[in-house]
Amino acid sequence: MANPVGYLYRVGQSRTRRHRAAWAPASAPVEMPWIEPGLERAVADLTEMQRVAVVLVHGFGWTADEVAELQGVKATTVQTHVERALARLRMALEVEHDG
């Protein structure tokens, strides 16, 4: 064999080419959800603790215990921050009820 490095390179290239199509995920059209236009600004106006708590709990589905562990506070403190954040968001976005 005149060039063993070139041979190994070519074999590796050929093997990965065969499997490349199988690894590609099927692309489906992604429809972005509707978001209240004023929500970004209202969330930005929250305190940092309120913003982190409400986004992790309601945006990402974390529990109060998980957020408390992350922030180094009690779960009841996290729940207080979430409640206050939601009250401020309702006021900023002029929401009458949760319904």
Meets criteria (surrounded by fewer than 16 Cβ atoms within 10 Å (Cβ to Cβ) and not in a helix (DSSP H, G or I)) for E96: yes
Tally, over segment 53-87, of residues that are farther than 21 Å from P33 by Cβ and surrounded by fewer than 18 Cβ atoms within 10 Å (Cβ to Cβ): 17
Residue in segment 31-39 that is small (G, A, S), over 22 Å from V95 (Cα atoms) and more than 18 Å from the chain's Cα centre (by Cα) present: no
Test: residue in segment 83-93 that is within 18 Å of the chain's Cα centre (by Cα) and at negative phi: no
Scope segment 40-79; condition under 18 Å from V95 (Cα atoms), assigned to a helix (DSSP H, G or I) and either over 19 Å from the mean Cα position of the chain (by Cα) or among the acidic types (D, E) (or both); matching residues: E40
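No lab work stands behind these numbers, since they all come straight from the coordinates. Since we're looking at a predicted model, the values are computed, not measured. Heads up, the Cβs are rebuilt from the backbone with ideal geometry, glycines too, and the neighbour counts pull from every protein chain shown.
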